[in-house]
Amino acid sequence: MTDGIPGGRSTYGVCYGALAWLVEDGHVGEVDVTGLKVALTVMYDDDELGSPWTVVLHVDADGSERQREVLADVFLGNLGGPHVGLLPWVRKARHLVDVRVDSIQLTPDGEGYKLDVGNAVRARAARPVESDAVVRCGIPGYDQAGRELVADELRIDDDPFVWELSGNCAYASRFAYASA
């Protein structure tokens with residue numbers, strides 16, 4: 001959503017990319033997940049009626065087995081929650097390829113971030129889009145203002161996904177998820 005106007009069709013009819021989260025402070029029940037990261041590689045096709053969100057979920061290798069398990073439950077929507085239930089890969093058809101354990105690095109870089117997920121994902125978006133528009137996205141929540149960035153590099157080699165892009169859109173925002 002830009003300046004209150006909802007988005008529409010993907011620019012090229014197929015949406016694909018990588019999403020990542022750093023849990024600055026969080027618990028899932030009694031399990032502390034503070035400092036852990038999650039990443040998701042995704043694809044869906046606007047022209048395929050009911051196209052599922054095809055996803056690979058990556059959970060942080062720095063977490064214990066229990067921490068990784070609960071993070072997967074949160075980000076796959078297994079625990080519900082007012083916002084998580086609205087995530088497109090939760091509320092729409094989904095094809096979950098796999099849940100993988102990887103080293104996930106999400107670090108500040110310039111005015112944006114650099115993301116490395118094992119050997120599967122390398123992304124760098126360090127430059128903001130030059131605009132005064134207010135950009136919001138449903139994934140962190142429309143109540144969370146964010147920044148639109150330019151992805152200088154997005155390389156995915158995460159079976160079944162393989163692509164390399166540059167100069168495309170990236171987005172950064174805070175988020176606050178809670179279970180039901």
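Tabulated data for the structure shown
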| item | result |
| --- | --- |
| Computed label-point distance, nm, for sites Asn168 and Val14 using a 7 Å Cα→Cβ extension | 1.0 |
| DSSP-assigned coil residues among trypsin sites (Lys or Arg not before Pro) in region 55-110, each with at most 14 further Cβ atoms within 10 Å | Lys92 |
| DSSP beta bridge pairing in region 14-173, given as percent antiparallel to the nearest 5 | 85 |
| Residue-averaged 222 nm ellipticity for the chain, from DSSP H runs of 4+ at -39500 (n - 2.57), nearest 500 | -2000 deg cm²/dmol |
| Longest DSSP-loop-exposure-free segment, GluC sites (Glu not before Pro), the chain, at most 14 other Cβ within 10 Å | 49-110 |
| Residue exposure sequence - Trp163, Trp21 - by fewest surrounding Cβ within 10 Å | Trp163, Trp21 |
| All-pairs Cα distance distribution in region 14-173, expressed in whole percent, bin size 10 Å | 10, 38, 41, 11, 0 |
| Residue-wise HN-Hα coupling along region 160-177, computed from phi with Karplus coefficients 6.51, -1.76, 1.60 (Hz; x: Gly, Pro) | x, 9, 8, 6, 9, 9, 8, x, 8, 6, 9, 8, 10, 7, 7, 8, 8, 9 |
| Relative contact order, percent, the chain [alpha-carbon distance under 8 Å, six or more residues apart] | 18 |
| Residue with peak Gaussian network fluctuation, the chain [Cα springs, cutoff 10 Å], from Tyr12, Tyr113, Tyr44 | Tyr12 |
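Only the coordinates and a few stated rules stand behind these numbers; no lab work does. Note that the structure is a prediction, hence the values are computed from the model and not measured. Positions of Cβ are generated from backbone atoms using ideal geometry, with glycine treated the same way; all protein chains shown enter the neighbour counts.
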